[in-house]
1. Which members of segment 1-49 meet the condition of being farther than 22 Å from Val144 by Cα and in contact with a Lys or Arg (Cβ under 8 Å, 6 or more places away or on another chain)?
2. Can you go through Leu127, Leu169, Leu90 and tell me which one is among the aliphatic types (A, V, I, L, M) and farther than 16 Å from Gly54 by Cβ?
3. Being over 23 Å from Ala77 (Cβ atoms) and not in a helix (DSSP H, G or I) is the filter here; which residues of segment 124-165 pass it?
4. Which is free of Cβ contacts under 8 Å to residues at least 24 places away in the same chain, at negative phi and touching a helix residue (DSSP H, G or I) at 6+ places or on another chain (Cβ under 8 Å), of Thr137, Thr82, Thr106?
5. Any residue at all in segment 141-149 that's more than 16 Å from Phe60 (Cα to Cα) and either touching a Cys at 6+ places or on another chain (Cβ under 6 Å) or at pLDDT 95 or above (or both)?
6. Right, Asp14: in contact with a strand residue (DSSP E or B) (Cβ under 6 Å, 6 or more places away or on another chain) and of a type in the set (Asp, Glu) or not?
7. For Gly163, only one of the following conditions fails: (1) surrounded by fewer than 20 Cβ atoms within 10 Å (Cβ to Cβ); (2) closer than 26 Å to Glu91 by Cα; (3) in contact (Cβ under 8 Å) with a residue 40 or more places away in the chain. What is its number?
8. Is one or more of the residues making up segment 40-61 closer than 22 Å to Glu140 by Cα and either without any contact (Cβ under 8 Å) to a residue 24 or more places away in the chain or basic (Lys, Arg) (or both)?
Amino acid sequence: MTRAMVVYESVFGDARTIAHAIAEGLSASLPADVVAAAEAPAELGPDVGLLVVGGPNHAFGMPRPSTRESAVQQYGADIADTGRGLHEWLEAVRAPAGIAAAAFDTRGSGHPVLTRMDHASRTEEKLLGKLGARVVTPSEHFSVVDTKGPLVAGEEERARAWGATLAELVASRSVSS
């Protein structure tokens, strides 16, 4: 049976919460596993029909070793290995050619101009493309109140709904293929 895998990077827990909510939404139609990027497999099997990836915006992009280290030093983030995260995993993982994929990010809800400059999900989509994945829908953005969270009210429910929509989208595309 085809299943979905949601791979995330989270610094303060908000992206992890969103990843689990997306998986809950997916699971109504499609079995879904959720795994942190640091623990994700080096190769996805042919049973993975949908790959969803996401994490926070750091310095207007995906977390990098330097921004992870900065989060540890400035905000007391608990990151076991600042050298590895979602970006590094996406550059190294092997996946079935043409796997359906989608991306999300978490971002501050503050200043609208700065929020538009956040590009983590754009980079995630580029890395998915290099992986040979087929991005099936535009990325989704989930808002946090401040650097350390929490999520803006309603974002977890919105993530569940997005997961359900993704499952329906993938199911309809596999039926029409």
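The values are calculated or read from the model by the stated rules, or taken from the named source; none is laboratory data. The structure displayed is predicted, hence computed values, not measured ones. Every residue, glycine as well, gets a Cβ built from its backbone with ideal geometry; the counts of neighbours run over all protein chains shown.
1. Leu30, Pro31, Ala32, Asp33, Ala38, Ala42, Glu43, Leu44, Asp47, Val48, Gly49
2. On the way: Leu127 fails: farther than 16 Å from Gly54 by Cβ; Leu90 fails: farther than 16 Å from Gly54 by Cβ.
Result: Leu169 is the single residue among Leu127, Leu169, Leu90 that is among the aliphatic types (A, V, I, L, M) and farther than 16 Å from Gly54 by Cβ.
3. We begin by selecting, within segment 124-165, every residue over 23 Å from Ala77 (Cβ atoms); these are 125-126, 128-140, 153-154, 157-158, 160-165.
If the condition is that a residue be over 23 Å from Ala77 (Cβ atoms) and not in a helix (DSSP H, G or I), then Gly132, Ala133, Arg134, Val135, Val136, Thr137, Pro138, Ser139, Glu140, Ala153, Gly154 are the ones that fit.
4. Working: Thr137 fails: free of Cβ contacts under 8 Å to residues at least 24 places away in the same chain; Thr106 fails: free of Cβ contacts under 8 Å to residues at least 24 places away in the same chain.
Just a single option satisfies the conditions, and that option is Thr82.
5. Scanning segment 141-149 turns up no residue that is more than 16 Å from Phe60 (Cα to Cα) and either touching a Cys at 6+ places or on another chain (Cβ under 6 Å) or at pLDDT 95 or above (or both).
6. Details: in contact with a strand residue (DSSP E or B) (Cβ under 6 Å, 6 or more places away or on another chain): yes; of a type in the set (Asp, Glu): yes.
Judged against the criteria, Asp14 is a match.
7. Only one criterion in (1) surrounded by fewer than 20 Cβ atoms within 10 Å (Cβ to Cβ); (2) closer than 26 Å to Glu91 by Cα; (3) in contact (Cβ under 8 Å) with a residue 40 or more places away in the chain is unmet by Gly163, namely (1).
8. Initial filter on segment 40-61 (closer than 22 Å to Glu140 by Cα): 40, 48-61.
After this cut, where a residue has to be either without any contact (Cβ under 8 Å) to a residue 24 or more places away in the chain or basic (Lys, Arg) (or both) as well, the list is 59.
Yes, that holds for at least one residue.
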